[in-house]
1. For a quick protection proxy, order the peptides 57-67, 92-102 by their average other-Cβ count within 10 Å, most packed first.
2. If we restrict to alpha carbons, what Rg and Dmax does the range 1-116 come to, in Å?
3. Give the lysines whose C-alpha is closer than 25 Å to that of LYS52, dropping any in the same chain fewer than 8 places away, or say none.
Amino acid sequence: MIARRIPDESNDSVNLVVSLLVRHPELSRVIIKPRLASIAFFFVVRSTVPPKERADFRRSIADHVRALHALARVNGAKLAVRLTAGKELSFVEFERDTKTLTRDEIALIVALVAQSFGERLVVNPPADDVDEDDGGGREDVVGSALDAVRSGHQRKGLVGFREERRVLVYFGKA
């Protein structure tokens, strides 16, 4: 009897994380937390973000995301924004529930972070073999992988991050 390997539910999570990190080089790390039915996006800023700028940034993000949700008629979305300032670097984290998250919202968040922090935002170099003309294909992969993750069947959490021109993915505890 020949055993066939059946892809497990984690493939969708891996596809989503890899697609997001390739599509958005501004992202430094993505974590999928199936127990919390959430996904977290991380950005790195080359400076200490002062308290007033942090407050303005949180307010701007909340206003934009709330407006997007109102237009899309999304109710009950959970968004947490955390900014941690160090001496030379600041870290920005967004955590969203996977049930109501859309690729448009991800693109909005990335664009707002890039606009807010400009040249201070750490942007990873693109992979050597990334086709610049295949933006639509990457969007389709993000959309279909997000749909699969949204269904909530995955059991393993995972962390994906960029290291130079590579994307690395590690599985968490089941």
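1. On the way: 57-67: 14.4, 92-102: 19.1.
Most protected by this proxy first, the peptides run 92-102, 57-67.
2. 16.4, 66
3. Result set, ordered by chain and number: LYS78, LYS87.
Only the coordinates and a few stated rules stand behind these numbers; no lab work does. The structure presented is a predicted model; accordingly, all values stated were derived computationally and were not measured. Note: ideal-geometry Cβ built from the backbone for every residue, glycine included; neighbour counts use all protein chains shown.
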